[in-house]
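S.K.: Got a structure for you, questions after.
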Amino acid sequence: MTAVETGIRGRFGLALWLVVALAVAGNAAINLLVPPPLYVFVALVLALLAVLVAVQVGGCDARDLGLEREQLGHGLRLGAAAAALLAVVLAVGAALPATRDLFADRRVDQHSVTLLLYHILVRIPLGTVVLEETLFRGVLLGLALRRWSPRAAVAFSSVLFGLWHLLPARGVSGFNPVVATASQGTLHRGLVILLAVAATALAGVVFCWLRLRARSLAAPAVLHLAGNSLAYLLAWTVLRSTP
């Protein structure tokens, strides 16, 4: 490896770990410090900072980050197809008595249409989806691919995506009556949290696969948006229809 190649790899490595540090700090701030009304603003700032580090420090371009305009249409189509399949699965799950209670998320206010619209039209797309897709399938995956094999890069991004949800998962037993029953006791609660993180990491693998298959960040973003927004809408519907 030449000195130039070593220097280039070093730039990508420095940018990668700077973004990891940014993600750790941002995750702590969002979950422990930032009030809910500021969530979207802080999420957009974090996404922008991650892109700036990738471009200015790591030397990434639009292709590295999955932001090539030429691939946008393909990404949207693939993401829409995956979202349609997920929508069917979620709708069936919410309709079946055996799984319906899993959608009774107590974080959802079933009395407020305004909050419903805010979450599915503003908070989820502009906050959660923009930040997480930019950070994990855009910047971190893009930087990791410049240093490691695709499998290693996907594993790296997906494990971090799972760990990103560790703090929110601590309160998972209070969100749903089914989960609350399953997480009684310290050991069971720890297992439920571990399963939540593992499931999120597995979802990260699917999102990464879509990103690489479409060569566009639009594909996982559409699926991510559909999953979160539909889950919120179905929870709102289930809670409103519960006596």
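S.K.: Check Glu68, Glu132 and return the single one that is surrounded by 14 or more Cβ atoms within 10 Å (Cβ to Cβ), farther than 23 Å from Leu230 by Cβ, of a type in the set (D, E, K, R) and at pLDDT 95 or above.
M.R.: Working: Glu132 fails: farther than 23 Å from Leu230 by Cβ.
Going through Glu68, Glu132 in turn, just one is surrounded by 14 or more Cβ atoms within 10 Å (Cβ to Cβ), farther than 23 Å from Leu230 by Cβ, of a type in the set (D, E, K, R) and at pLDDT 95 or above: Glu68.
S.K.: Is it the case that Ser241 is modelled with pLDDT under 90 and within 23 Å of Val88 (Cβ to Cβ)? Working first, answer last.
M.R.: Values: modelled with pLDDT under 90: yes; within 23 Å of Val88 (Cβ to Cβ): yes.
Spelling it out, Ser241 is indeed modelled with pLDDT under 90 and within 23 Å of Val88 (Cβ to Cβ).
S.K.: Let me ask something additional. For the range 186-243, enumerate the residues that are at positive phi and without any contact (Cβ under 8 Å) to a residue 40 or more places away in the chain. Step through it out loud before you land on a result.
M.R.: Step one: filter the range 186-243 for residues at positive phi, giving 215.
Residues satisfying the conditions do not exist here.
S.K.: Another question about this same structure. Give Asp101, Asp61, Asp109, Asp105 a once-over and let me know the one that is of a type in the set (D, E, K, R) and within 19 Å of the chain's Cα centre (by Cα).
M.R.: Answer to the selection: Asp105.
S.K.: If we keep just the residues of the range 145-171 that are of a type outside the set (Phe, Trp, Tyr) and touching a Phe, Trp or Tyr at 6+ places or on another chain (Cβ under 6 Å), which is nearest to Asp61 (Cα to Cα)? First the steps, then the outcome.
M.R.: First, the residues of the range 145-171 that are of a type outside the set (Phe, Trp, Tyr): 145-147, 149-155, 157-160, 162-163, 165-171.
Among the residues that remain, those that are also touching a Phe, Trp or Tyr at 6+ places or on another chain (Cβ under 6 Å) are: 146-147, 157.
On the way: Arg146: 12, Arg147: 15, Ser157: 19 Å.
Filtering first and then ranking leaves Arg146.
S.K.: Which condition from (1) over 20 Å from Arg211 (Cβ atoms); (2) at pLDDT below 95; (3) basic (Lys, Arg) is the one that Arg147 breaks?
M.R.: Of the numbered conditions (1) over 20 Å from Arg211 (Cβ atoms); (2) at pLDDT below 95; (3) basic (Lys, Arg), the odd one out for Arg147 is (1).
S.K.: Which condition from (1) buried (at least 16 other Cβ atoms within 10 Å of the Cβ); (2) more than 30 Å from Leu52 (Cβ to Cβ) is the one that Ala83 breaks?
M.R.: (2)
S.K.: Further question on the same structure: Inside the range 186-208, can you point out the residues that are under 23 Å from Gly66 (Cβ atoms) and loosely packed, with under 15 Cβ neighbours inside 10 Å?
M.R.: Taking the range 186-208 and keeping what is under 23 Å from Gly66 (Cβ atoms), we get 200-208.
Scanning the range 186-208 gives a single hit, Leu202.
S.K.: Separate question: Could you tell me which of the residues Leu44, Leu32 is surrounded by fewer than 15 Cβ atoms within 10 Å (Cβ to Cβ) and out of contact with any strand residue (DSSP E or B) (no Cβ under 9 Å at 6 or more places or on another chain)? Lay out the reasoning, then the answer.
M.R.: Details: Leu44 fails: surrounded by fewer than 15 Cβ atoms within 10 Å (Cβ to Cβ).
So the residue among Leu44, Leu32 that is surrounded by fewer than 15 Cβ atoms within 10 Å (Cβ to Cβ) and out of contact with any strand residue (DSSP E or B) (no Cβ under 9 Å at 6 or more places or on another chain) is Leu32.
S.K.: So, one more: Does Val179 qualify as being assigned to a helix (DSSP H, G or I), at pLDDT below 95, in contact with a helix residue (DSSP H, G or I) (Cβ under 7 Å, 6 or more places away or on another chain) and surrounded by 19 or more Cβ atoms within 10 Å (Cβ to Cβ)? First the steps, then the outcome.
M.R.: Working: assigned to a helix (DSSP H, G or I): yes; at pLDDT below 95: yes; in contact with a helix residue (DSSP H, G or I) (Cβ under 7 Å, 6 or more places away or on another chain): yes; surrounded by 19 or more Cβ atoms within 10 Å (Cβ to Cβ): yes.
In short, yes.
S.K.: For the range 110-124, give me each residue that is at pLDDT below 80 and touching a Phe, Trp or Tyr at 6+ places or on another chain (Cβ under 8 Å).
M.R.: Step one: list which residues in the range 110-124 are at pLDDT below 80, which gives 110-111.
Within the range 110-124, Gln110 is the sole residue that qualifies.
The values are calculated or read from the model by the stated rules, or taken from the named source; none is laboratory data. Remember, predicted model here, so these are calculated numbers, not experimental data. Neighbour counts run over all protein chains shown; Cβ positions are idealised from the backbone, glycine included.
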